[in-house]
Every structure is written in structure tokens, then in C-alpha cells.
Amino acid sequence: MGFDNGTESPILDVLILVLGVAIKYRSRIFVPNSCAEFSRPNKQCHRLERASKTCFSRGDTFEALPDREAPMDLDLRKLRYFVAVADRLHFGRAADELHIAQPALSRQIRALEQDLGAALFTRDSHGVTLTDAGRQLLDDAGPLLASAHAVRRRVSVAERGDQRLVVGFRAGIPVIPATRVFEVQHPDVVVDVQRMEWDDQAPMLLDGRVDVAYVRLPIDETGLRLTPLYTEPLMVALPTGHRLAGKDEVTETDLAGEPLIWHADPSTQPTRRPHPDSGLRVRGVEEKLEHVAAGRGISFVGRSETVFFSRPDISYVPVPDLAPDQVFVAMAASRTSPLADDFFAAAQATAEITAECGNYEMWQLANDAASKRG
């Protein structure tokens, strides 16, 4: 069918208008063979004049995607309020902790739900619970708030003009090998160190208290960049009067039934067969060894910890059938710092030396050589 010059343009205008209305209501339109004037010859994705609408050729049909959502700024204050309620599952207690009135807190949570377009809490006569959306937000909120806190810290440091890098480390892991390599590149930068425990490894990295860190697994990897450095054997810490103290090595079977002094939930025990839970929760190596020396149970430590925490009332014995302890270097994934990147690289380059610093046999050889020279 042909159109004369007097009718072609109005008809096309009508077709385009109908097409636009159909796209607006997310309809699917049948078009013989192709998207006609609206598709490219190779039927690849073709953008219409409105950038937020996209035509996809799919055989004889095409569909329009909905408008992209406008960017939304997430209010960190509301997010902190949400975390307070989510942690306590009680609006009254959260309001007391935040030093605001409960009605004001409820309004802020409702506003956050409106901002996100999702209900975060279920409120009924049984109390307050998190919805699926609320649980997801709680998972994401920690790294986000920590990152904002880290930004404030770094801006403050930059304002003071400090050239400083803070390196975190776990007990038994020496920082000095990487520091020496780093200082050759950056002689004007002060390398500060901060010891960490198992439960604050990730928080200290995410909130900016440390720039880079030597960490031990397990660790919550959310928001972190981690690279493995080395592994080291686990050893059992026993009181010197224990039946197995002083042996060359022991097995898991030898240790069966011994109450375990551990730093976290019993499910994180490093053994394949669970030990009776001593009920004692410890953060640091010193606390762990105090309980072991008192005969309240046994515990496990990395080989390097035995080098730096030698005690006359503690016997360390290798347990070859335990999986080794894993040491990683880590930094916040959002962190952009040439200094932190350079230390990260130095830690990787000196990993073998760092591992040897936790080798008791290496220290023995060094001491023997020093004695002979003397």
C-alpha cells in the first residue's frame, strides 16, 4: 500500500504516538518482521529519543524497560537509627540509646522505609522483627557506616598534613619485614601499628582505624579486599602438668574430650570433632593462656604466637592433623590510597620472611649461632 505526500506524515505521527503510549504502559507490540523504523538493521538494542526507554528486538516483538530510578541519597542518620532498632528489636530501648524520643525515632524509620520503598520491620503484638529487606539492609549498613566514618578520619588526617600509615596486626605476626621495604619507597611516611583481636579485624579496617592489616581467618570479608600470604601450623596450648605436655606432637584423637577455651562460638572450633565447650570466651592470647595455665581447659594457637608468648607454665605441642592457620593481608575494598597499596604490595613481597619470623626453629637456630659466636 502506498501513501501520497499528503497523508504519509500524519499517519507516521499517529503510529509514533501509539508506540509511545504503549511503551509508557510497558506493553508488548507485535511488529511484522522487525522493529521497523525503530530498530537498527542488525536488530541490536536501539535507544529511542528518551534515554530512559530501550527497545529490544526479540523475534517479532520488542519490549520497553521501565524508566531508570532517579538516584537517591541514603540518609546516614536514618541508617544509624535503623541499625540501633535492628540490633535491639525494640524501638523504646533504641530511642534511649540514641537519646531521642521514641515517636521521633519511629518517624525516621518510616521515612527511611518510604525512601527505600520497602518495609524494614514487622510490628505486631509479639514485638518487632526484621523483614527480608530489613535483614539485607542490616547486612549492608555496617560496611557503609564504617566507610563513612573512615572518610571522616582520613579527611581529618589530611587536614593535619600527617604522612602516616596505620597497620593492623594479629598477635604473633611481625609487621617489620614489610615496613622496612615500604620505608625504602616512602622514607617520610610514619608507619604506626595497632594490634587487633579476632572480633575487631573487619571493623577496624572498615572504619579507618587501620589502613592495612595482617589478619587471620575467619573474618567477615564483606567490604574487604584480602590476599593470602601464608599458612602456619596450629599448636595446642596445655598447662605444664597436663598428661600430654612435652610430647613431640599429638593428634585430635589424643585431645578428644578436653574442654576447649575459645574466642568465639563453638561452631568455629578448628577441630573436625567438636570439643566440650569450657564456657569461657576470650579475646586475646594473654587471656587464653591465663585460663589454660589455671587448668580450665586447652586451646589452640598459631605457631608464631608460641614464639612471642613463651611461658614456663604453658606447653605448646604441634597437632599435625589440624588444618593450618591462614594469614592474609587486607584493606577496605573502597580504600583508594597509593600508600596503602604500596604497603599491601610490600606485605605480599615479604610474606615468606614474615612467616619465618613465627618459626620457633628459626629462632632456635639464630640463638644457637649467637651463642657459638659468643
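The distance from the alpha carbon centre of segment 321-354 to that of segment 190-213 is 12 Å, rounded to a whole number. Among the protein heavy atoms of segment 202-291, carbon and sulfur supply 50% of the accessible surface, probe 1.4 Å, non-protein parts ignored.
Between D313 and V128, the contour length at 0.36 nm per residue exceeds the Cα-Cα span by 61.6 nm. Of the listed residues F308, F169, the order by accessible area with a 1.4 Å probe, largest first, is F308, F169.
Peptides 208-214, 140-146, 329-335 ranked from most to least packed, by the mean per-residue count of other Cβ atoms within 10 Å: 208-214, 329-335, 140-146. Residues of segment 196-225 with backbone nitrogen within less than 18 Å of a virtual label 7 Å along the Cα-to-Cβ line of L76, please, listed as ranges. Backbone N within reach: 203-211, 223-224. Convex hull volume of the C-alpha atoms in segment 105-243, normalised per residue: 222 Å³.
Could you tell me the calculated FRET efficiency between R153 and E252, based on Cβ-Cβ distance and R0 = 30 angstrom, to the nearest 0.05? E between R153 and E252, to the nearest 0.05, is 0.10. Just so you know, the averaged projected area of the alpha carbon convex hull for segment 221-326 sits at 7.1 nm².
Annotation: amide H of D321 within the under-5 Å range of E252, sequence separation 5 or more or interchain, hydrogens built in the peptide plane.
Spin-label model, D140 to L217: label points 7 Å out along the Cα-to-beta-carbon direction sit 2.7 nm apart. Taking all protein chains into account, the per residue accessible area for segment 249-299 stands at 49 Å² (1.4 Å probe). Extension gain for the segment A101 to R296, taken as residue separation times 0.36 nm less the Cα-Cα distance, is 65.5 nm to one decimal.
The values are calculated or read from the model by the stated rules, or taken from the named source; none is laboratory data. No experiment lies behind these values; they were computed from the predicted model shown. Cβ: placed from backbone, ideal geometry, glycine included. Neighbour counts: every protein chain shown. Please note that ligands, DNA and RNA were not included when accessible areas were found on the heavy atoms of the full protein model with its side chains. Shrake-Rupley method; radii C 1.70, N 1.55, O 1.52, S 1.80 Å.
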